[in-house]
Amino acid sequence: ATMVQKYQSPVRVYKHPFELIMAAYERRFPTCPLIPMFVASDTVNEYRSEDGAVHVIERRCKLDIDAPRLLKKIAGVDYVYFVQKNSLNRRERTLHIEAYNETFSNRVIINEHCSYTVHPDNEDWTCFEQSASLDIKSFFGFESTVEKIAMKQYTSNIKKGKEIIEYYLKQLEEEGITFVPRWTPPVACKSESSTSHPRRPVSPAINIPESATKEGLSNKEILNTSSSPSEPTAGTPDDKLDADYIKRYLGDLTPMQESCLIRLRQWLQETHKGKIPKDEHILRFLRARDFNIDKAREILCQSLTWRKQHQVDYILDTWNPPQVLQDYYAGGWHHHDKDGRPLYVLRLGQMDTKGLVRALGEEALLRYVLSINEEGLRRCEENTKVFGRPISSWTCLVDLEGLNMRHLWRPGVKALLRIIEVVEANYPETLGRLLILRAPRVFPVLWTLVSPFIDDNTRKKFLIYAGNDYQGPGGLLDYIDKEIIPDFLGGECMCEVPEGGLVPKSLYRTAEELENEDIKLWTETIYQSASVFKGAPHEVLIQIVDASSVITWDFDVCKGDIVFNIFHSKRAPQPPKKDSLGAHSITSPGGNNVQLIDKVWQLGRDYSMVESPLICKEGESVQGSHVTRWPGFYILQWKFHSMPACATTNLPRVDDVLASLQVSSHKCKVMYYTEVIGSEDFRGSMTSLESSHSGFSQLSAATTSSSQSHSSSMISR
């Protein structure tokens with residue numbers, strides 16, 4: 001197997017003229033005490049042009065590679081020889097260096113190219129660049145070891161390169177050499193020769209006035225490898241990254257990380273048609289895949305396609321969040337943390353996720369979260385400028401005060417998981433730290449549902465505080481300055497984040513409205529609607545194979561009062577007959593209405609009731625779960641609720657009579673959602689669910705304490 005490793009350096013800028021840098025560079029030969037492995041070098045070939053402008057020298061360099069003795073023994077060599085060919089052109093002010101290995105050249109191919117050239121914006125500065133490739137064809141079965149050694153040696157040499165030049169510059173300075181004159185053509189005797197060779201301009205570089213370049217350095221150096229017309233420069237992208245820019249705006253990267261960034265960026269410039277993401281953002285994808293360039297390229301390309309499809313680049317400028325979001329979405333930006341990262345505050349416990357999903361649909365909610373992430377990217381850039389150091393991620397503070405069973409509403413959790421998935425895929429490495437405050441007892445349940453969807457790297461950044469622990473040592477003050485701790489957490493800073501609260505039911509949209517959304521990232525809608533008539537309940541069949549599953553349900557009574565039941569049967573009910581006459585003929589316009597329980601079945605013999613009936617009034621939202629004890633068939637039933645006569649007098653109460661008059665045509669309407677969860681997905685959360693009921697639910701239906709069966713229904717009015 002052959003492995004090819006490539007390396008491409010950023011541009012390193014020396015704020016010294018080319019001639020002085022050359023004087024320093026020459027001092028590396030024949031040996032250099034700063035590079036212990038560079039033992040010796042001999043000149044093999046040399047050529048000088050008549051006018052002294054061109055000097056080509058070829059050396060054979062002897063290296064003592066720092067490799068395990070055993071490997072040297074197996075390879076049968078003590079030293080490795082390289083051939084280095086330096087071509088200096090004093091007229092052009094360029095030095096090109098080509099190097100390749102002579103030892104093992106049939107097994108390993110190493111090629112390196114370096115160049116020193118004049119800075120295009122300042123002719124008294126010098127630029128250095130290098131690139132290399134390593135191709136290991138075979139090495140006695142030690143290919144990967146050799147690769148590691150070669151990479152390690154190479155990267156340590158890259159780091160040293162700059163130190164060495166600076167060391168010799170200092171040495172020259174101590175000897176009083178701070179200026180080396182530029183090459184000038186020798187004065188010719190014959191006048192013809194001087195006219196026949198028109199003198200080239202000293203430097204073809206364009207001079208840009210100092211004021212035009214910030215601190216004498218434009219952020220992105222516009223560099224061409226060669227200034228001579230004989231070498232085409234069309235192939236090289238005209239903006240390259242320089243080392244100082246990387247350090248200032250992107251952070252401390254190892255040489256190999258810099259190389260990955262430069263190569264991925266170059267690949268994008270050559271192949272990608274649309275808008276190219278900023279360097280910081282390319283870097284995030286590389287970090288998310290541990291700088292594996294192929295994996296990073298794959299996720300980055302998927303994300304670029306996604307951005308284009310959904311016009312994400314324009315979201316901040318063109319999309320206005322609906323008023324409901326502005327009023328009820330309890331999150332917002334709030335200053336920055338101690339590391340200078342933008343801080344986002346989310347009062348999740350105060351937020352009616354269910355209400356928001358019902359009033360907006362997931363689509364608008366996702367768009368809103370995307371706009372928050374886009375704003376986050378913008379704020380990171382801004383803070384990088386303000387704080388003078390790279391800031392590429394934000395901190396999120398989530399306050400769970402008020403979190404209750406309502407937040408475990410499955411469609412809400414599902415929407416949350418989808419949103420997390422989209423964010424993970426398209427905004428990797430943007431979350432610097434997540435502080436979760438005032439986590440209640442019900443939190444572990446939510447956590448077990450959500451955590452499998454969160455990347456390991458991200459999960460390490462989570463800090464979770466129960467109750468008021470955040471006020472103690474190791475708490476919030478370690479991460480956020482005292483002056484900006486929000487008022488609702490006992491701080492002094494007024495926090496502009498909306499308070500949240502329940503979204504009024506009048507703003508809810510029907511299943512039909514949600515289905516007709518103009519833009520769709522997700523096709524299916526979560527809810528189904530059903531009609532319930534007097535004498536014609538609506539029934540849903542759930543087949544359970546694994547005895548300890550959890551059936552969860554969530555429904556809204558849109559019209560009328562109903563009784564909700566859950567039954568178990570060992571045998572499958574007959575598929576419902578489509579009866580054109582009788583009660584069913586009313587249902588066709590009214591949507592979904594199905595009966596499964598056979599008229600001849602007897603309760604207690606053919607099927608049994610596994611929860612006590614729950615009476616639900618018009619306008620109520622109910623959610624609950626049932627842990628199944630047996631495999632078989634479970635039937636969820638919504639039945640018309642007929643008014644009971646008053647117990648004492650056996651006469652109907654006035655209220656009931658009036659109510660029954662209002663229910664038009666004895667038809668009720670329900671919007672419902674059901675899902676079966678394997679008990680392992682509820683892992684370890686049964687106990688916390690049970691303990692949380694007593695505190696949270698206003699109405700808890702027959703909760704059996706038996707560990708096998710446990711159900712609850714919560715009604716939020």
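From the set of residues in segment 367-409 that are of a type in the set (D, E), open to solvent by 30 Å² or more (accessible area, probe 1.4 Å) and at pLDDT 90 or above, which is nearest to P440 (Cα to Cα)? So the residue we want is E375. Residue-level check: of (1) modelled with pLDDT of 85 or more; (2) surrounded by 21 or more Cβ atoms within 10 Å (Cβ to Cβ), V442 misses just (1). If you take the residues in segment 482-509 that are outside any loop (DSSP other than H, G, I, E, B) and among the acidic types (D, E), which one is most open to solvent (accessible area, probe 1.4 Å)? My answer is E483. Residues that are touching a Phe, Trp or Tyr at 6+ places or on another chain (Cβ under 7 Å) and polar (S, T, N, Q) were ranked within segment 256-294; the one that is farthest from S9 (Cα to Cα) is Q257.
Taking each residue of segment 1-19 that is modelled with pLDDT under 95 and looking for partners that are part of a helix (DSSP H, G or I) and not aliphatic (A, V, I, L, M) with beta-carbon atoms closer than 6 Å, six or more apart or interchain, yields M3/E147; Y7/S259; Q8/S259; Q8/R263; P10/E258. Based on this model, can you work out whether E363 counts as more than 30 Å from Y245 (Cβ to Cβ) and open to solvent by less than 30 Å² (accessible area, probe 1.4 Å)? Considered against the rule, which asks whether it is more than 30 Å from Y245 (Cβ to Cβ) and open to solvent by less than 30 Å² (accessible area, probe 1.4 Å), E363 comes out as yes. Test D339 against the criterion of being of a type in the set (D, E), surrounded by 20 or more Cβ atoms within 10 Å (Cβ to Cβ) and on the phi < 0 side of the Ramachandran plot, and give yes or no. Against the criterion (of a type in the set (D, E), surrounded by 20 or more Cβ atoms within 10 Å (Cβ to Cβ) and on the phi < 0 side of the Ramachandran plot), D339 does not qualify.
Collect the residues in segment 423-476 that are in a strand (DSSP E or B) and under 18 Å from the mean Cα position of the chain (by Cα), keeping them in residue-number order.
Listed by number, the residues that qualify are L431, G432, R433, L434, L435, F462.
Listed conditions (1) closer than 25 Å to E401 by Cβ; (2) surrounded by fewer than 18 Cβ atoms within 10 Å (Cβ to Cβ) are all met by Y314, apart from (1). The test for being closer than 27 Å to I436 by Cβ, hydroxyl-bearing (S, T, Y) and in contact (Cβ under 8 Å) with a residue 24 or more places away in the chain holds for Y329.
Of the set (1) at pLDDT below 90; (2) farther than 30 Å from V413 by Cβ, all apply to S608 but (1).
Among the listed residues V324, V345, V357, identify the single one that is surrounded by 22 or more Cβ atoms within 10 Å (Cβ to Cβ), modelled with pLDDT of 90 or more and either among the β-branched types (V, I, T) or not assigned by the TED database to the domain that holds R418 (or both).
V345
All of (1) out of contact with any helix residue (DSSP H, G or I) (no Cβ under 8 Å at 6 or more places or on another chain); (2) buried (at least 17 other Cβ atoms within 10 Å of the Cβ); (3) at pLDDT 90 or above hold for L223 with one exception: (3).
The values are calculated or read from the model by the stated rules, or taken from the named source; none is laboratory data. Computed from a predicted model, the values in this text were never measured in an experiment. Because the Cβ atoms are built from the backbone with ideal geometry, glycine has one as well, and the counts that use them run over all protein chains shown. Accessible surface areas use protein heavy atoms only, side chains included; no ligands, DNA or RNA. Shrake-Rupley method; radii C 1.70, N 1.55, O 1.52, S 1.80 Å.
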